[in-house]
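A quick write-up on the structure given underneath.
The values are calculated or read from the model by the stated rules, or taken from the named source; none is laboratory data. Please read these numbers as outputs of a predicted model, since none were measured by experiment. Note: ideal-geometry Cβ built from the backbone for every residue, glycine included; neighbour counts use all protein chains shown. Ligands, DNA and RNA are excluded from the accessible area calculation, which covers all protein heavy atoms including side chains. Shrake-Rupley method; radii C 1.70, N 1.55, O 1.52, S 1.80 Å.
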Amino acid sequence: MAANAKTAQLLARQLFKMSFADGAVSAERVGGVLAYIEKHRPASPMVVLKAYSRLIAAELARGEAVVEHAGAVNDAMLAAIAAAMSRRYGRKVAARPKANAALLAGLRVRVGDDVYESSIASQLAALALSI
Amino acid sequence: MSTVLEQIEQQIAQLSSRTVKKNTGNIRAIADGVAKIDGLSDVMYNEMVQFPGGAIGIALNLEEDEVGCVILGDISNLKEGDEVTTTGKLLSVPVGKALLGRTVDSLGNPVDGKGPIDAKETYPVERIAPGVVVRKSVSQALFTGIMAIDSMIPIGRGQRELIIGDRGTGKTTITIDTIINQAKINKVGLASGDPNFRPVYSIYVAIGQKNSNIVRTISALEAAGALEFTIIVAAPAADNPANLYIAPYSGAAMGEWFMENGMDALIVYDDLSKHAVAYRQISLILKRPSGREAYPGDVFYLHSRLLERAARLEGKGSLTALPIIETLAGDVSAYISTNVISITDGQIFLETDLFNQGIRPAISVGLSVSRVGSAAQIKATKQVGGKLKGELAQFRELAAFAQFGSDLDAKTKAQLDRGNRIVELFKQPAYSPLPIELQVAVLFAMQKGFFEPVEIKRVVDAASSLKSFFTTRKDPLLSEIRTKAVLDKDLEAKLQAACEEWKSSYTA
């Protein structure tokens, strides 16, 4: 079972590497990979697909800055954030707004695993932990 | 009420309004105190990570796709998908004298109901052991108060001496006796006002023990007045394996504080067999490859990096370690036993047979050794007990052969007789350590043949009579032995006279 899971992980990683075109995940290539899996079913297709999906999702998240906001954000602000993140990571990062009233006020920007936060909610949470 | 509000406002003002960068991940799977986490791409090995609800974890497995963390604290509220963040810090525990007399968990949180601990400093739980340059060889004695140990298997400050034996052979009792003896010495030393006196503080780490046993140990220490010089780190059997795994390292960090600040400390790890089992459990859940007896490949490093932290430092203090290992059916050649035997500077082996024969402490002289302790032994003990180990080992050999034949020559009979007397003399009840000067006096009496006229069965009685004679009537002589630490001609004459006096009063 463990060996199967390992093989599936390895296959998913190989398929993931084949999903790139010009340094970015290409929809066309992903389609090709899915068709290949459909045609040549691996031993545990579910495990392979889940692992593949996780890798693709993580890669896509690295190229997108999800800007969570409690108040209003305009296009200029989003463009500024996208430019700043692209500079910081040395790759193209697009900004996508997402309303989140739980922040109370401020912003939270998520790029892949990294979270940049300047919100009242996070400060209150830090205060609660420090008491 | 307004002051409370002001306090909160102050705290709010202190909080930085700058943007905070965090590296995050999500729990993919959680079981048995171990979480598999997606993300956490910036996490470092052994870094502390923050789980929701205040639980913390340590990143132990850094894999290509996931991070394996052990979780310390309450895991009942954690679930798949919860966000986990890196902290950029190593796990640290409070250290300092404020912990003395307290019982804490493996994270240094008080569990004795005596309120919060006012510790000013924290030390990282995992630290690199001191290198060869800063170390000093062991040359100062650490008296256990157990005559058989102090005379035959002496322990020095900064030494690692393993206590090994089957269950119920008195391993914990030896360590408790040692802690009680340190407290007794501390009290005498601090009362004397001697500026050169160096007290020894103790740390008792209970790993995987029943809570009732831990309570019994605390009560014994409290009854003997030793708790005020002792820190108890409790990781009972009911704790999750991560807490059991981290407890000895937390204890070591607390001990290192004393060592780094020019003081001496003693740490007891009770016991490392259960520690290895907890680590095996964590490793198997983390799907690390298993080796002999299903232990992971780095189980040697688990204990070597812990015990290497015990040292005597140049210009600073020392940390003496007494790890305990429980054997099965007296098998010292098991995996963990041989590992720890090879790491430590000697071992005290306790035998079930001796224990059942009523020889307590049940120390097997043949299998016990102290590799560096003789350099730390005081001269007075060497003078009176230097040849004891050899004599006793020879006695055991002769006693084994004597079982086969009834005709023994006079010399052999005399050797057997003397051996029996030494064995009787070394019997000592639990929680009653003997001061070193009293040990010297008793051994002197034995060497000079004062116990020879006494019937073997009555040697214990005679020895206790001699002890009470010295403590009640020869206190100045005992103080002289303690301060001089060597038996010169004058002191020998005084001891001889005192023993004669006792002999006349005892036989009379």
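If I model a spin label at B:ARG458 and A:LYS39 as a point 7 Å from the Cα along the Cα→Cβ vector, what separation in nanometres do I get?
Distance between label points: 10.3 nm.
Could you give the accessible area per residue of chain B, probe 1.4 Å, as a whole number in Å²?
Each residue of chain B exposes 43 Å² on average to a 1.4 Å probe.
Suppose we compare each residue of the stretch A:24-71 in its chain alone and in the full protein complex with a 1.4 Å probe; which ones drop by at least 50 Å² of accessible area?
Output list: A:ARG54.
Using a basic spin-label model with each label point 7 Å from the Cα along Cα→Cβ, how many nm lie between B:ALA393 and A:MET77?
8.1
Take the Cβ-Cβ distance between B:ASN213 and B:VAL134 as r, set R0 to 30 Å, and report the resulting FRET efficiency rounded to the nearest 0.05.
According to the calculation, E is roughly 0.25.
What are the ³J(HN,Hα) couplings of the stretch B:156-172, residue after residue, when phi is run through the Karplus curve with 6.51, -1.76, 1.60 and θ = phi - 60°? Round to Hz, x for glycine and proline.
Using θ = phi - 60°, the values come out as x, 6, x, 7, 10, 10, 7, 10, 10, x, 5, 5, x, 10, x, 5, 5 Hz.
Have a look at chain B and give its Rg and Dmax from the Cα atoms, expressed in angstrom.
26.1, 94
Could you tell me the largest-minus-smallest coordinate of the C-alpha atoms of the stretch B:196-303 on each of the three principal axes, in descending order and whole angstroms?
In descending order, the Cα extents are 51, 32, 18 Å.
Roughly what percent of Cα-Cα pairs across the stretch A:64-130 reach past 18 Å?
Everything past 18 Å amounts to 36 percent.
Give the relative contact order (percent, whole number) for chain B; include only Cα pairs under 8 Å separated by 6+ residues.
That works out to 16 percent.
Is any residue of the stretch B:433-463 close enough, with backbone N under 17 Å, to a label point placed 7 angstrom from the Cα of B:ALA414 along the Cα-Cβ axis, and if so, which?
Output list for this probe position: B:446-454.
Got a number for carbon plus sulfur as a percent of the stretch A:3-61's accessible area, 1.4 Å probe?
62
Using θ = phi - 60° and the Karplus relation 6.51 cos²θ - 1.76 cosθ + 1.60, list the HN-Hα couplings for the stretch A:108-124 in order, rounded to whole Hz, with x at every Gly or Pro.
Each residue's phi maps through the Karplus curve to give 9, 10, 10, 10, x, 7, 8, 10, 10, 10, 9, 9, 5, 4, 5, 5, 5 Hz.
Only residues of the stretch B:346-379 count here: report those whose backbone N is under 19 Å from the spot 7 Å along Cα→Cβ of B:ASN196, or say none.
It comes to B:375-379, nothing else.
Please list 3J(HN,Hα) in residue order for the stretch B:38-49, calculated via the Karplus relation 6.51 cos²θ - 1.76 cosθ + 1.60 where θ = phi - 60°; whole Hz, with x for glycine and proline.
Ordered by residue, 3J(HN,Hα) equals 7, x, 6, 5, 9, 5, 10, 4, 6, 6, 7, 10 Hz.
Need the C-alpha centroid separation for the stretch A:98-120 versus the stretch B:420-445, integer Å.
71
Check the straight Cα-Cα distances from B:LYS210 and name the lysines below 19 Å, setting aside those fewer than 8 residues away within the same chain.
B:LYS171, B:LYS274
Show me you know the interface measure: the accessible area buried between A and B, both chains summed, probe 1.4 Å, in Å² to the nearest 100.
1700
To two decimal places, what compactness ratio does the stretch B:261-334 give when its Cα radius of gyration is scaled by 2.2 N^0.38 Å?
For the stretch B:261-334, the normalised Cα radius of gyration comes out at 1.34.
Please work out the average accessible area per residue across chain A, using the 1.4 Å probe convention, and give it in Å².
60
Provide the solvent-accessible area of B:LYS171, counting protein heavy atoms only and rolling a 1.4 Å probe, rounded to the nearest 10 Å².
Counting only protein heavy atoms, B:LYS171 exposes about 20 Å² to solvent.
Which value in nm describes the separation of the simple spin-label points at A:LEU124 and B:ASP65, placed 7 Å from the Cα toward the beta carbon?
With each label point 7 Å from Cα toward Cβ, the separation is 3.9 nm.
Semi-axes, largest first, in whole Å: what does sqrt of 5 times each Cα gyration tensor eigenvalue give for the stretch A:1-54?
Ellipsoid semi-axes (Å, largest first): 20, 12, 7.
Place a label point 7 angstrom from the Cα of B:SER333 along the Cα-to-Cβ direction, then list the residues of the stretch B:395-437 whose backbone nitrogen is under 13 Å away.
Output list for this probe position: empty.
If R₀ is 60 angstrom, what is the calculated FRET efficiency for the pair B:THR471 and B:TYR301, using the beta carbon separation as r and rounding to 0.05?
Once the sixth-power term is evaluated, E becomes 0.80.
Enumerate the amide H contacts of B:ARG102 below 5 Å, restricted to partners 5 or more residues apart or on another chain; note that Pro and chain-start residues carry no placed amide H.
Sorted by chain and number, the residues that satisfy this are B:ILE232.
Carbon-plus-sulfur fraction of the accessible area of chain B, 1.4 Å probe, in percent?
The value for chain B is 53 percent carbon and sulfur by accessible area.
Between the stretch B:464-508 and the stretch B:156-173, what is the C-alpha centre distance in whole Å?
31
Over the protein assembly as shown, how many percent of alpha carbon pairs lie in each 20 Å bin up to the one with the longest distance?
16, 39, 26, 13, 5, 0
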